[in-house]
Amino acid sequence: MGSPYLSSNESIILSTNNVVVNSVPAEAILTNERLMLIDTRHAELRPQDIPFHAIETVTIGEDSGSDPMLSLSLVTGPGVTLSMGIVFPQQTKMKRLAERDEWANRLKELSIVTVRDGGSKSVDLVPPWVPGPLPEPANAGAAPAPAAEEESKFRNPPLMPRKPREPAAPENRTAIAAVAIVIIVIALVAGAYLFAPSLLGAGGSPLQPATPVPTVAETTVPTPVATPGITVPSAVPATAGPTAVPHIIIPQNGVWLLVKYEGSYSGSAGAPERFRDIAATGDKAIQLPVKDEVVLATIQKQDNTGGLMTVEIYKEGKMVKSGSVKSPKGTVSISADLRTV
């Protein structure tokens, strides 16, 4: 989903768009109040909320493919617990052990404090996180009945509450009606003026010669000559007037990393043992000191917006790999083997 649903006092601590939860590809968002899981295959479904008071234990390990895994023991009823596995898939030569450990530590801290203050409580898990048919989309059918206090707290209040559309004021309707009447009267007068001479016949006034309408010459805007290389439009707001939109030109030689995002971001890119740290704001092209080898890039958004960030790898002016993310503080991790390109 493009944006999470947060309450007014809620803030995002961690987020990732590349995990597998009980065999379901998902995005995970950790806030100061809960853990949210989003099924990336069904964007219309509501996120699954897991309050901290339902987390009994947090353990770390690896799955059968040696990918880092986080195991949660969740309380789903009196004396009943359910195990949930969160796998952090690793690409070639890219380790996610540190990322898994950071998630485990923060979940442990938040769940321990919550359970200590208010005790352990159960959580309701719905498909696809447990076996069963998928629930109805959030906007299908009639409006749901009001839920309990705890449910309403975490069942996704909108990030930006929408104000109900106010009905048009009576004065506006009157003004619109008046304008419509004026337009009709003008059309009738114009029609009478145009057709009256023909209706009068020979006794009427002679027809007046039509006034020629001046011809306005069309101005042709010349097409700019293409500059060698790949031109990527910069994400800047449109302005009135003939001001040209800035462009980023990817040269035809070398290996380049292009980050397209209006906000701030940071990360690293390069070949193993020769990574280059990246921290910037706005669209930026960065040359990488690599040639025919595996190139890795990990870039993370530094804000809590749902804007789209795209990361692309170019070789000799040709894009060979790209990835994008919308989730707040989301991370794009891509790699490309330049030996086979």
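What is the Cα convex hull volume of the range 249-341 when expressed per residue in Å³?
So the per-residue Cα hull volume is 75 Å³.
Output wanted: per-residue J couplings in Hz (rounded whole) for the range 257-264, from phi through Karplus 6.51 cos²θ - 1.76 cosθ + 1.60, θ = phi - 60°, x for Gly and Pro.
Running phi through 6.51 cos²θ - 1.76 cosθ + 1.60 with θ = phi - 60° gives 10, 10, 10, 10, 6, 6, x, 9 Hz.
A 30 angstrom limit on the alpha carbon distance is what I want to check against. Which of LYS108/LYS284; LYS95/LYS284; LYS108/LYS260 exceed it?
LYS108/LYS284; LYS108/LYS260
Enumerate the calculated ³J(HN,Hα) couplings along the range 45-53 in order (Karplus 6.51 cos²θ - 1.76 cosθ + 1.60, θ = phi - 60°), each rounded to whole Hz, writing x wherever the residue is Gly or Pro.
7, 5, x, 8, 8, 10, x, 5, 6
Which whole-angstrom value gives the distance between the alpha carbon centres of the range 274-341 and the range 27-60?
Using only Cα atoms to place each centre, the spacing works out to 27 Å.
Apply 1/(1 + (r/R0)^6) to the Cβ-Cβ distance of ASN32 and ALA279, taking R0 = 35 Å, and write down the FRET efficiency to the nearest 0.05.
E between ASN32 and ALA279, to the nearest 0.05, is 0.90.
Ranking request for peptides 284-292, 25-33: highest mean number of other beta-carbon atoms within 10 Å first, then the rest in descending order.
In decreasing order of mean packing, 284-292, 25-33 become 25-33, 284-292.
If each residue of separation counts as 0.36 nm, what is the full-extension length gain between ILE60 and THR305 once their alpha-carbon separation is subtracted?
That pair, ILE60 and THR305, stretches by 85.2 nm at full extension.
Can you list residues whose amide H is under 5 Å from THR76's amide H, if they're 5+ apart or on another chain and H is modeled 1.01 Å from N?
THR81, LEU82, VAL123
Mind listing the phi-derived Karplus ³J(HN,Hα) values for the range 8-14, rounded to whole Hz, using 6.51, -1.76 and 1.60 with θ = phi - 60°, and x for any glycine or proline?
Once θ is set to phi - 60°, the couplings for the range 8-14 become 5, 9, 9, 9, 8, 9, 9 Hz.
Per residue, how many Å² of accessible area does the range 43-120 show with a 1.4 Å probe?
50 Å²
Give me the extension gain from ASP292 to VAL341: residue separation times 0.36 nm, minus the current Cα-Cα distance, reported in nm with one decimal.
16.8 nm
The values are calculated or read from the model by the stated rules, or taken from the named source; none is laboratory data. It should be emphasised that the depicted structure is a prediction, and the values quoted were computed from it without experimental measurement. We place every Cβ from the backbone using ideal geometry, glycine too, and count neighbours over all the protein chains shown. Each accessible area value is taken on the protein alone, full model and side chains, heavy atoms only, with ligands, DNA and RNA left out. Shrake-Rupley method; radii C 1.70, N 1.55, O 1.52, S 1.80 Å.
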